[in-house]
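The values are calculated or read from the model by the stated rules, or taken from the named source; none is laboratory data. Quantities reported herein were computed from a predicted structural model and do not represent experimental measurements. For the accessible areas, the whole protein counts, side chains as well, though only heavy atoms, and no ligand, DNA or RNA atoms are used. Shrake-Rupley method; radii C 1.70, N 1.55, O 1.52, S 1.80 Å.
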Amino acid sequence: MMDWTEIYKRYPGKWVASDAEDEETVVAADTDARKAYAESKRLGRRAILHRVPEEVVDFVGYEV
């Protein structure tokens with residue numbers, strides 16, 4: 001199971017390019033998704049791009 005606790009603490013509100021192999025190693029981060037992705041490509045890394053929320057909010061469920 002992956003633990004993104006430190007990623008959520010260090011990169012709130014940013015786009016994070018994580019290494020595609022382990023999905024936990026941050027390759028690049030920026031407020032602009034294109035810049036984070038471009039930096040990962042510049043470094044020659046395959047990356048998965050995701051946005052870290054500015055605030056982590058608990059959510060249990062929703063009933064319609």
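Using Cα atoms only, what is the angle between the long axis of helix 33-42 and the major principal axis of the chain, expressed in degrees (0 to 90) to the nearest 10?
40 degrees
Among the aspartates and glutamates, which have Cα under 17 Å from the Cα of Lys35 when same-chain residues fewer than 8 positions away are ignored?
The qualifying aspartates and glutamates are Asp19.
Suppose all protein chains stay in the model; what accessible area per residue would a 1.4 Å probe give for the stretch 1-50, in Å²?
With the other protein chains kept in place, the stretch 1-50 gives 70 Å² per residue.
Share of the chain's accessible area from carbon and sulfur, percent, 1.4 Å?
Working: 2510 of 5130 Å².
Within the chain, the accessible surface is 49 percent carbon and sulfur.
In terms of modelled amide H atoms, which long-range or inter-chain residues lie less than 5 Å from the amide H of Ala47?
For Ala47, whose amide H was placed from the backbone, the distant partners under 5 Å are Ala20.
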